[in-house]
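Engineer: Here it is, the structure, as structure tokens.
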Amino acid sequence: MTSRENPSDVLTVRAAADADLAAVQALHRRAFGGEDEAALVAKLHAADAALVSLVAVDRTGIVGHVLFSPVTVDGAAPPLMAGLAPMAVTPRRQRSGIGSRLAAEGLVRCRERGVAAVVVLGHSDYYPRFGFRPAASLGLRCSWEVPEEAFMALELEPRSLREMKGTVRYHPLFGDL
């Protein structure tokens, strides 16, 4: 380590463990300023609906978390699809690349698990860097009333969504938000 390197700059991304849940929930409370996302993460884990759940850890502890859960498309038997949500980074470390590392590694892990496509409801200037594009361009729409440009999709398996058209539904636990 050089004299200019901060010990908290050493970052590891790994699968979230059961023992991480309290720290992950505390992180979501700090990042979102409330209980909703923290409760959602706990409920998704309890329901065994976390396809991929990753934490970013530095020497101070858990500083980031991302979760991918299964989604469905109305009237279709799609390939395995996931929704990226929620993702949080501790406020003091936001805009330092942690979210990007979590999203990128999460997409790799989804691909390894056989996930053919991922959707996200988020900032249209952030997620395209990972290859996301407006879901409407693939014939998909969100079940919630959201700006079209904010609902995006990424095919992890090329052309996996070419015949897919319809409304995407997140796990029912998202209805509690």
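The values are calculated or read from the model by the stated rules, or taken from the named source; none is laboratory data. From a predicted model like this one, the values you see are computed outputs, not experimental measurements. Using ideal geometry, Cβ is built from the backbone for each residue, glycine included, and neighbour counts are taken over all protein chains shown. These accessible areas exclude ligands, DNA and RNA; they are computed on the full protein's heavy atoms, side chains included. Shrake-Rupley method; radii C 1.70, N 1.55, O 1.52, S 1.80 Å.
Engineer: Go through segment 49-100 and report how many residues are of a type outside the set (Asp, Glu), within 19 Å of Gly175 (Cβ to Cβ) and assigned to a loop (DSSP other than H, G, I, E, B). Full working, then the answer.
Structural biologist: Taking segment 49-100 first, the residues of a type outside the set (Asp, Glu) are 49-57, 59-73, 75-100.
From the residues that got through so far, the ones that are within 19 Å of Gly175 (Cβ to Cβ) too are 49-51, 67-73, 81-86.
Within this subset, residues satisfying the condition of being assigned to a loop (DSSP other than H, G, I, E, B) are 49-51.
So the count comes out to 3.
Engineer: Within segment 50-85, can you find the residues that are under 19 Å from Val108 (Cβ atoms) and not aliphatic (A, V, I, L, M)?
Structural biologist: Ser53, Gly64, His65, Phe68, Ser69, Pro70, Pro79, Gly83
Engineer: Something else about it: For Pro91, work out the one condition from (1) over 27 Å from Ile62 (Cα atoms); (2) more than 16 Å from the chain's Cα centre (by Cα) it doesn't fulfil.
Structural biologist: Among (1) over 27 Å from Ile62 (Cα atoms); (2) more than 16 Å from the chain's Cα centre (by Cα), Pro91 violates only (1).
Engineer: Sort through His28, His65, His45 and tell me the only one that's farther than 21 Å from Leu11 by Cβ and either of a type in the set (Val, Ile, Thr) or crowded, with 17+ Cβ neighbours inside 10 Å (or both).
Structural biologist: Within the list His28, His65, His45, the selection yields His45.
Engineer: Let me ask something additional. Criterion first (over 15 Å from the mean Cα position of the chain (by Cα) and either among the aliphatic types (A, V, I, L, M) or open to solvent by less than 20 Å² (accessible area, probe 1.4 Å) (or both)) does Ala136 satisfy it?
Structural biologist: Yes: the conditions hold for Ala136.
Engineer: Only one residue in Glu105, Glu112 is within 17 Å of Leu27 (Cβ to Cβ) and charged (D, E, K, R), so which one is that?
Structural biologist: Glu105
Engineer: Just checking, does segment 117-139 include any residue being of a type in the set (Val, Ile, Thr), assigned to a helix (DSSP H, G or I) and in contact with a strand residue (DSSP E or B) (Cβ under 6 Å, 6 or more places away or on another chain)?
Structural biologist: Checking segment 117-139: not a single residue is of a type in the set (Val, Ile, Thr), assigned to a helix (DSSP H, G or I) and in contact with a strand residue (DSSP E or B) (Cβ under 6 Å, 6 or more places away or on another chain).
Engineer: Does Tyr170 count as surrounded by 15 or more Cβ atoms within 10 Å (Cβ to Cβ), within 17 Å of Ala50 (Cβ to Cβ) and of a type in the set (Ser, Thr, Tyr)?
Structural biologist: In short, yes.
Engineer: Same structure, new question: Mind listing just one residue for me: the one in segment 29-79 that is modelled with pLDDT of 95 or more and among the hydroxyl-bearing types (Ser, Thr, Tyr) and, of those, nearest to Val120 (Cα to Cα)?
Structural biologist: Ser69
Engineer: Could you tell me whether Arg111 is basic (Lys, Arg), assigned to a helix (DSSP H, G or I) and under 16 Å from Pro79 (Cα atoms)?
Structural biologist: It is true that Arg111 is basic (Lys, Arg), assigned to a helix (DSSP H, G or I) and under 16 Å from Pro79 (Cα atoms).
Engineer: Go through (1) at pLDDT below 95; (2) out of contact with any Leu (no Cβ under 9 Å at 6 or more places or on another chain) for Glu112 and report which single condition fails.
Structural biologist: Failed condition: (1).
Engineer: Looking only at residues in segment 69-88 that are under 16 Å from Asp20 (Cβ atoms) and open to solvent by less than 20 Å² (accessible area, probe 1.4 Å), which one is farthest from the chain's Cα centre (by Cα)?
Structural biologist: Among residues in segment 69-88 that are under 16 Å from Asp20 (Cβ atoms) and open to solvent by less than 20 Å² (accessible area, probe 1.4 Å), the one farthest from the chain's Cα centre (by Cα) is Ala88.
Engineer: Okay, next question. Starting from residues that are of a type in the set (D, E, K, R) and open to solvent by less than 70 Å² (accessible area, probe 1.4 Å), keep the ones in segment 89-117 and report whichever is farthest from Val71 (Cα to Cα). Working first, answer last.
Structural biologist: Taking segment 89-117 and keeping what is of a type in the set (D, E, K, R), we get 92-93, 95, 101, 105, 109, 111-113.
Next, from what is left, pick out any that are open to solvent by less than 70 Å² (accessible area, probe 1.4 Å): 93, 105, 109.
Values: Arg93: 30, Glu105: 19, Arg109: 16 Å.
Checked segment 89-117; the qualifying residue farthest from Val71 (Cα to Cα) is Arg93.
Engineer: Within segment 7-17, track down each residue that is loosely packed, with under 14 Cβ neighbours inside 10 Å and modelled with pLDDT of 95 or more.
Structural biologist: Thr12, Arg14, Ala15, Ala17 - these are the residues of segment 7-17 that are loosely packed, with under 14 Cβ neighbours inside 10 Å and modelled with pLDDT of 95 or more.
Engineer: Same structure again: With the requirement that a residue be free of Cβ contacts under 8 Å to residues at least 60 places away in the same chain, under 17 Å from the mean Cα position of the chain (by Cα) and crowded, with 16+ Cβ neighbours inside 10 Å, what does segment 48-62 give you?
Structural biologist: Correct list: Ala50, Ser53, Leu54, Val55, Ala56, Val57, Ile62.
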